[in-house]
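Here, each number is a calculation from the coordinates, and none is a lab measurement. Source: prediction; values computed, not measured. Quick reminder, even Gly has a Cβ in these numbers, built from the backbone with ideal geometry, and neighbours come from all protein chains shown.
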Amino acid sequence: MNLTKASMGIALPLYTLILFLLSISFNHVGHRNLVSADEALIQSECHNADNPATCIRCVKSDPRGESADKVGIATIVLSCLIHSAEVQSANMIDLTKYDFEEDVKQMLLNCATGFFEAQINLTNATDLLMNKDYNGTNSLVKQALVQEVKCRRALENRHVTHAAMVYDMRGYEELSNAAMRIVDRF
């Protein structure tokens, strides 16, 4: 019984020492406090956008945001843009089912096509980002943004807009701005 107590007496402090060393080593060997460090990084990366709240909301909506680095944050923003372009393309197609003049229906189809092309550009921009071609990334994001701006202006000129549509398009513009500004800082 004395041997067991002696063994436990040695094992307990050794176990405590190992836990202590492991706990401090994770704070000094390139690991970071994911909650506060990532929140700070998200704030920092999104801060330079015209509307940081839209960027922050996008990044926080993605599970990868909790552990994303700078490139990861840019990738998440591009993913939000791709999703937005997909939704807006589908919405434009749905609007053609309503009782509009043929030229308005054609304009809506052109917008849908533009958003589809934007999806392709944004997917390619993501690939360029992964390959560290930051100028190419921003060029494709800008091309995708031009598609949205042309569509929005055409819709506004024909008074074919409603609050939800305008809100979604503004969000798309804000995310495009955020993506380009984040990539500019690489």
Measure off 7 Å from each Cα along the Cα-to-Cβ vector at ILE93 and ALA40, then give the distance between these two points in nanometres to one decimal.
4.6
In Å, the Kirkwood estimate of hydrodynamic radius for the range 38-170 over Cα pairs equals 15.7
Hits among lysines - C-alpha to C-alpha of LYS70 under 19 Å, sequence gap 8 or more where chains match:
LYS60, LYS132
Please list the non-local residues whose amide H lies under 5 Å from the amide H of ASP62, H modeled 1.01 Å from N, same-chain partners needing a gap of 5 or more.
none
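Which FRET efficiency value, to the nearest 0.05, is calculated for LYS70 and VAL166 with the Förster distance at 45 angstrom and r the Cβ-Cβ distance? Kindly include the intermediate steps, with their values, before the conclusion.
Working: r = 31 Å, r/R0 = 0.69.
In this case the efficiency is close to 0.90.
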